[in-house]
Structures are given as C-alpha cells and as structure tokens.
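The values are calculated or read from the model by the stated rules, or taken from the named source; none is laboratory data. Small disclaimer: the values here were computed from a predicted structure and weren't measured. We place every Cβ from the backbone using ideal geometry, glycine too, and count neighbours over all the protein chains shown. Note: areas computed on protein heavy atoms with side chains; ligands, DNA, RNA excluded. Shrake-Rupley method; radii C 1.70, N 1.55, O 1.52, S 1.80 Å.
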Amino acid sequence: MHKLWYRQPAQNWNEALPLGNGRLGAMVWGVPDEERILLNVDTLWTGGPVEKLTPPEDGVLHEIRRLVLEEADYAAAHEMTKLLQRSDTAKYQPLGELRFTQVLPKNSWSNYRRSLVLDEAVSRVEFQVDGTRFEREVFVSHPHQAIVMKMTASSDDGPVRAISGRVALWCPHEWGLEVNPQGLALVGRVVDAERGPGMPFAAYVHVSCTGGSLKAGTDHLIIEDAAEVVITLTADTGFCGYSESDFRRGAQVMYHCVKHAQEITAIPYDQLLQEHINDFRSLFDRVRIYLGPGPDELPTDERLQKVKEGTLDKGLVALYFQYGRYLLISSSRPGSQPANLQGIWNWDLDPPWRSNYTLNINTQMNYWPAEVCNLAECHEPLFAMIRELRAIGSEMAGNLLGCRGWAAAHNTDLWRSAAPVGGGTGDASWAMWVMAGVWLCHHLWEHYEFSLDREFLKTEAYPAMRDAALFCLDWLVEDGEGYLTTCPSTSPENVFIHEGKRSAVAQGSAMDLSMIGSLFEKCIKAADILGIDQDLRKKLEHIASRLRPLQIGSKGQLLEWCSEFEEVEPGHRHVSHLWGLHPGDVITFEKTPRLMEAARKSLELRLAQGSGHTGWSRAWMINLWARLKNGCEAYANLQALLANSTLPNLLDTHPPFQIDGNFGGCAGIAEMLLQSHTGIIHLLPTLPEAWQQGYITGLRARGGFVVDLSWTDGALHRAVIRAERGTLCRVRSNGRLQVFDEVGQIIPSEWLDDQVLQFKTQIGRCYVVRPL
C-alpha cells in the first residue's frame, strides 16, 4: 500500500505531509478547524548574482603549499586558507501560508483520518461532525503548475451545504494583499539583511463554491454554507536567471499568476486531478517493490514507533523506498531547481545550513536514486545546475586558484556561488574543499552509463568532465616523493591533530585522489567513445599513473589523509575516504581486494566510535555495506535509519529535518538488491536474511538495461532483463544461471568465470534469467 496515514492532524512541521511538483512545494497540516498549507517556490532565495571574484594576494596559495609540503605546519596552513574564502551563500526562503479557518464546534470532529497517497501524490483529510462528512483533497499539479485543494461536505443523503469559514494568505516577508470577490492577491519582496531589498514574488488564490456564498472580507475571503469549495493557488518569483541582477517586478509576477489561475480554473476539477495523477504515475509507476507483509492497518507513525522499539516491518521499508522516489519526483522535475538540503520544503527565514546546496555529500546524495530507481528525468535539474555552475566555477578556478577548467567548493545556491565560503572566518574543515565539480561530474558519467546516450555524453557530460580534469591537472603538485598530490587538501568537515595542533589541511586526502583518479579514468573512456582529444587522453593516462596511491594504516584501515594522523573525532559523520567504494567505483573486490578490506575496516572503526548519528550519514553506511556485500550490516543500518533518524512524516532528520537521508536510504535499498557499477549486473548482491521473499520491478542497470527481480527462500527466483541499447549483458548471481527469451527458448551464453554469465542482447527484447 503506497500510503502514509495518521489518526490525528499534524502538530508541527515534522508531522505535516509534503507535496510538490519540482517548482512549488506545500506542507499540509490537516487540521479540521484551521487548515495550514505552508508554501514554497524553488527560486525564492535571498541574495543576487555572484560578484566578480578578485584574486587573493600574490603568493597566498604558494605559501599554503610551502607550509604543508616543506614545513608540515598544517595548523598554520589551516589558518592561512581563510584568505581564499569569500562570502556565504544565499538562503532558501519560505513564501508564506495558505489558511482555511473552518467554522466548527470546538473539538467536535470524529473519525479523523489524514493520508498521503504516494502513487497519486494527493493529500487527503477526512473527518466527521455529527452526521456530516468533510473531505479535503490537496495536490500540486506539474502539468498545470498550481496547488489545488477541494473541500466537500456530505451525508448519506448526498452533498450538504455545511462548509463555512475564511480563506487567507500570510507571509513572513514584506508583503501586501489585495482582495477581490473570488481571489486573494499577495505581492511581496524578500528583505535580505545582508544585501537589502531582494527577490519579488507573488501568489494568487482563486476560490469557487458550489452552493452557499463567497464574499470578500478585509484581508480574507468568506465562505458560507457551501457544499463544495475548490481553491487554486498559483505562485512565482521575479527570478530571471542565475546571472541576471534585474528581477521581474512584483506586479509583473502577479499579472502572470492571475492569468495562469484564470486558465486553470476554466478546467474542471476532475480533469485537473486526473491529469495530475497521470503525470505523476508516468514516473512513479515504473518501479514496484514488495519485501513482505506489514501492518497496513496501523497508522504510519505507530508503525514507525514500533520500529524504534525493535519491531521489523518489511512493509514500512518498502513504503520508505517508494517515499524516497516520491520525494524526488516532487522536488526535482525538468525545468525546476535541483532539490536542496530540504528538497523544496522550508519554513525558516534563517534555515539550517541556509537550506542551500551542500556539495561535499548532501546534494549528490539527493540524486543517488535518480538513475537506478528509474527517475532519470528527475536528474535533469542537477545537470542544469552543473551547466550554470561551470560558468561561475571557471572564474573561481582561474581568479582564485590560478587553474584552467572549472571548480566549485562545498556550497552553492540559486546564484551558483562556487568559491569557498566563510568570509575569512570559516573553518577550513568545511570551507577549504574545492573538489565539488569533480564529484558532480560523476553524476554526468553515471547518467551516460545507465542510458548510453552518446549525444548527452558529447554535448553535456564530456565537456564538463574535460574542463574539471583540466582543473585537476593544474591543481596537482609534486609531493616530494615522486607522486602527484593535491595541496591544500581536506577531507570534508573532518579534523586531525598533528604535533598537538588541530588542523583540517594537509595534502592528498583519500577522497581527493579517489575522485581525481575516477574522473581521469572516465574522461579517458569518454574520449575513446567519442574519438576526440587523444592528446589529452594520453596526458591523463600519464598523470593518473603518477597519482599518490591510497594508503593503509596500522589498524588495516584506509587512511583518510596523507599520514596516519590522530583523529579529533574518530566517529565522524563523514566517511569521505570511502568515496572510492561508494558512490565511486575505484575500490571493488575485482580490482582492489586489499583496499576493499581496508575500506571495511575503516567503516567498522568509524561506526564503533558512533558514526552514522545523522540521517544522511546512516544512509551512506547502508550503501557502503551494500557494496561490501554484507547484507546483515546493510540491513542493520537501514533499521537504524528508520529508528533513529526518521520523523513521524517519514522525512529524514540530521537533526533537524534534512532530506538527503531519504534519498540515500532509498538508493541503499536499491543497492542491496541490484548493482552494476563494475560493468556486471549483480542480482541480489546484498539480500538480508529478513527479506526471504519479495520482488522489485523497473530498476535500471548500467549498460542500458531495466531489471525485474523476484526471489523466494532468500534466493533468486528469476530476473527479467530488458535491453534498451542492445549491448552485451553480463550477469552475476550467487549460483549458476540460464537465460531464456520471452517464449522460453534458451539464449546462447557463456560463462566468464564461475559466477558471471555473458550473452548478447537486442534492442527492446526481454531476457529471463533463472537459476539452474
């Protein structure tokens, strides 16, 4: 059952239910006498276009490198990196609140039920007062770009004219309101304490009634004795582009909101709803999952509480997986901004971490499910951001760091800020990391690997990857031992102690070297596929061979930094040195067995000291254990994510609310059931004992394949692999396999080793894989 449901209204943000179409966001509280719908628009931010970056004083970067490489004075280098910092990012802002105050006797309602139906993307509230049933239905339409709410009152005898109350808008910014007999027009402007008057915005509410009356109040609309009410809200901002300093005026934005609302209200409600559902299901219905039964008769919050008490609820795990897909569809659609730290749902003027795009794990984790969970279209807003970030990032690379290509630090925003933030006072542990562009390029390559879209590789992925590689070529320096390394280098947000002094800055962190090595390898492959840049290809091959190898420490662990420093926080939430294991693919059982063992040891050490205490960190642990093929540990961390880092509305908490853990957890479940990062489709690689039977359909594998899986008694029953590109297919399972076509005829195949079966495919054909 794809449904979250509750027996009581939301009491706070952590219980409200999210709706969205990528651009517009709504959090529905479901209170009978005081409905609240909190509103967001994805382009409502503080700030404005990034100011031109001025170079640092001559010799700053050279001196930082000298302190690290010649003096080993890491603490001094740590402090000196502050000279490379620039201003903080902008903040994502709330728009306001739609309220409906219904006239009801106090505490008079019964038979209350509140729900969110995932495969419809519709929130519903039902309650009863005496013999009258009240129902509310809210959705955010992508086809029609509006928030729509329908309210009805009925009895056993039919519609009842029993809906009375007030419709109002409220806003936390500077704003004004005009009221007409059928509408509310709100125009406002973000006031930025750091920059002054900022982004204009507007929202328009249209109300129509069946039965009863509707009239204008001073700052609200008054509904009396209606049997049905439909409220339509349109909203937008004056944003004209990341590099545009001029905004559209509020009056212009309002004109378009009113015009748009008029077009929508001419469409029958049932048609609006059906077109919305059809659109949403075109994405959501691609994947189905069943892991076993669950107590669907219990409300979601009660089921979650039982998990916190130690109950295993396989149905809730499946619901959580589909909820992650639901949230990605709702917060990231073609043409929208990418999902930020809170997706698109924020109610704070000063939100945690500015609700921006944190590029040292969080933004990337938001998109881990996009390809494997068959939502590639939802990846597109991230690609659009990368295109824009390249422009600002090339200036940052050149003016600030003296390098070719493009680069970005750990934070960005609507305006595509790329430089290290902190304003000269930020800690280097988070500020002095300039590898975000390299990591973002991994997403471009992943999209190519899943789709094999050569045109995308040629026009979108490879140009960004090539320019990021050029940056890396210039950023690498000699380490004095015959290798090339990065300097200054940090391992995001972590700190070590050297000679009694705290520092985050050294040379050649494992994360830097893993990502650069991976980027060079992908650029070489892309250049071969496209038949271009052969001189650059040779250069990258040569430089890759000179990268400082990853090191193993005295405990058998993968070293995070260039030396085995004392760790300030051995249970740190980040496990950046394991990037090569996941999401990267440079550490695998096949290629690097010793590093796999070292990665496992590192993970054990980090968890033993309390890591995984944030939602997104725990979600990363699931994916890492899945790559290590340890179903017991992957499942234990999944249970911990639900028990310790999941709010009553199933949103992830850092704490506070932060959406990345939802996406990381969703991706982790997929990773337990299907992997393809080594070029081989591994069926059920990390199946835990708890999932003895089940199925999942519609997952995507690299190489242009769509895979359906079913299993019984903890072992593969069958897989159906649909070939979208007609490439050679390699399949791995825990036993011998045989391949058939759609009508049961055996397909010729060959064993590459004891566990890998290879066979040819044709575009559009399905292949059934069964155990012998």
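Here are the numbers for this structure:
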{"item": "From the options Ala428, Ala408, residue that is of a type in the set (Gly, Ala, Ser), in contact with a Leu (Cβ under 6 Å, 6 or more places away or on another chain) and within 30 Å of Met621 (Cα to Cα)", "result": "Ala408"}
{"item": "Matching residues, region 173-205, being at pLDDT below 95, among the basic types (Lys, Arg) and touching a strand residue (DSSP E or B) at 6+ places or on another chain (Cβ under 7 Å)", "result": "none"}
{"item": "Matching residues in region 471-485 - criterion: being assigned to a helix (DSSP H, G or I), in contact with a helix residue (DSSP H, G or I) (Cβ under 8 Å, 6 or more places away or on another chain) and surrounded by 19 or more Cβ atoms within 10 Å (Cβ to Cβ)", "result": "Phe471, Cys472"}
{"item": "Selection count where residues are open to solvent by less than 10 Å² (accessible area, probe 1.4 Å), out of contact with any Ser or Thr (no Cβ under 9 Å at 6 or more places or on another chain) and more than 27 Å from Trp353 (Cβ to Cβ), scope region 486-517", "result": "1"}
{"item": "Residues being out of contact with any helix residue (DSSP H, G or I) (no Cβ under 6 Å at 6 or more places or on another chain), open to solvent by 30 Å² or more (accessible area, probe 1.4 Å) and touching a residue at least 24 places away in the same chain (Cβ under 8 Å) - total across region 603-623", "result": "6"}
{"item": "Among residues of region 350-398, those that are among the charged types (D, E, K, R) and open to solvent by less than 30 Å² (accessible area, probe 1.4 Å), counted", "result": "1"}
{"item": "Any hit, region 319-338, residues being open to solvent by 50 Å² or more (accessible area, probe 1.4 Å), touching a residue at least 24 places away in the same chain (Cβ under 8 Å) and in a helix (DSSP H, G or I)", "result": "no"}
{"item": "Of residues in region 179-194 being over 30 Å from Thr132 (Cβ atoms) and in contact with a helix residue (DSSP H, G or I) (Cβ under 9 Å, 6 or more places away or on another chain), the one most open to solvent (accessible area, probe 1.4 Å)", "result": "Arg189"}
{"item": "When residues of region 127-149 are limited to those that are touching a strand residue (DSSP E or B) at 6+ places or on another chain (Cβ under 8 Å) and over 19 Å from Pro18 (Cβ atoms), the one modelled with the lowest pLDDT", "result": "Gly131"}
{"item": "Output for region 219-243, where each listed residue is open to solvent by 10 Å² or more (accessible area, probe 1.4 Å) and among the hydrophobic types (A, V, I, L, M, F, W, C)", "result": "Ile222, Ala227, Val230, Phe239, Cys240"}
{"item": "Residue list for region 518-549, restricted to those being of a type in the set (Phe, Trp, Tyr) and open to solvent by 20 Å² or more (accessible area, probe 1.4 Å)", "result": "none"}
{"item": "Of all residues making up region 293-309, the number that are open to solvent by less than 60 Å² (accessible area, probe 1.4 Å) and either closer than 17 Å to Ala636 by Cβ or among the hydrophobic types (A, V, I, L, M, F, W, C) (or both)", "result": "3"}
{"item": "Members of region 251-270 found to be of a type outside the set (A, V, I, L, M), under 31 Å from the mean Cα position of the chain (by Cα) and either open to solvent by less than 80 Å² (accessible area, probe 1.4 Å) or farther than 20 Å from Thr232 by Cβ (or both), listed by number", "result": "Cys257, His260"}
{"item": "Residue in region 503-516 that is farther than 15 Å from Ser563 by Cα, outside any strand (DSSP E or B), in contact with a strand residue (DSSP E or B) (Cβ under 8 Å, 6 or more places away or on another chain) and not charged (D, E, K, R) present", "result": "yes"}
{"item": "Residues that are in a strand (DSSP E or B) and either surrounded by fewer than 18 Cβ atoms within 10 Å (Cβ to Cβ) or among the β-branched types (Val, Ile, Thr) (or both), drawn from region 127-137", "result": "Gln128, Val129, Thr132, Arg133, Glu135"}
{"item": "Check on Gly47, modelled with pLDDT under 95, in contact with a strand residue (DSSP E or B) (Cβ under 8 Å, 6 or more places away or on another chain) and buried (at least 21 other Cβ atoms within 10 Å of the Cβ)", "result": "yes"}
{"item": "Subset of region 718-750 (residues that are closer than 14 Å to His682 by Cα and loosely packed, with under 15 Cβ neighbours inside 10 Å)", "result": "Gly735, Arg736"}
{"item": "Tabulated pairs, region 531-559, first in contact (Cβ under 8 Å) with a residue 12 or more places away in the chain and over 16 Å from Glu521 (Cα atoms), second in a helix (DSSP H, G or I) and open to solvent by 40 Å² or more (accessible area, probe 1.4 Å), C-beta under 8 angstrom, 6+ apart or interchain", "result": "Ile552/Arg594; Lys555/Lys601; Lys555/Leu605; Gly556/Glu597; Gly556/Lys601; Gln557/Lys601; Gln557/Leu605; Leu558/Lys601"}
{"item": "Selection from region 108-126 of residues that are free of Cβ contacts under 8 Å to residues at least 60 places away in the same chain, out of contact with any Ser or Thr (no Cβ under 7 Å at 6 or more places or on another chain) and in a strand (DSSP E or B)", "result": "Ser110, Asn111, Glu126"}
{"item": "Residue list for region 571-602, filter: of a type outside the set (Lys, Arg), in a loop (DSSP other than H, G, I, E, B), in contact (Cβ under 8 Å) with a residue 40 or more places away in the chain and open to solvent by 20 Å² or more (accessible area, probe 1.4 Å)", "result": "Val586, Phe589, Glu590"}
{"item": "So Ala626, is it aliphatic (A, V, I, L, M), open to solvent by 10 Å² or more (accessible area, probe 1.4 Å) and in a helix (DSSP H, G or I)", "result": "no"}
{"item": "Top-ranked residue of region 629-639 - restricted to ones that are over 17 Å from Gly324 (Cα atoms) and touching a helix residue (DSSP H, G or I) at 6+ places or on another chain (Cβ under 6 Å), ranked as surrounded by the fewest Cβ atoms within 10 Å (Cβ to Cβ)", "result": "Glu633"}
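A quick yes/no check of all residues on (1) of a type in the set (Asp, Glu); (2) more than 30 Å from Ser563 (Cβ to Cβ); (3) in contact with a His (Cβ under 8 Å, 6 or more places away or on another chain):
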| residue | (1), (2), (3) |
| --- | --- |
| Ala72 | no, no, yes |
| His78 | no, no, no |
| Lys82 | no, no, no |
| Ser87 | no, yes, no |
| Phe100 | no, yes, no |
| Asn107 | no, yes, no |
| Asn111 | no, yes, no |
| Arg114 | no, yes, no |
| Ala121 | no, yes, yes |
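Every residue, every condition in (1) within 24 Å of Gly198 (Cβ to Cβ); (2) in a loop (DSSP other than H, G, I, E, B); (3) aliphatic (A, V, I, L, M), yes or no:
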| site | (1), (2), (3) |
| --- | --- |
| Asp350 | yes, yes, no |
| Asn374 | no, yes, no |
| Gly393 | yes, no, no |
| Ala397 | no, no, yes |
| Arg404 | no, yes, no |
| Gly422 | yes, yes, no |
| Thr425 | yes, yes, no |
| Trp430 | no, no, no |
| Cys441 | no, no, no |
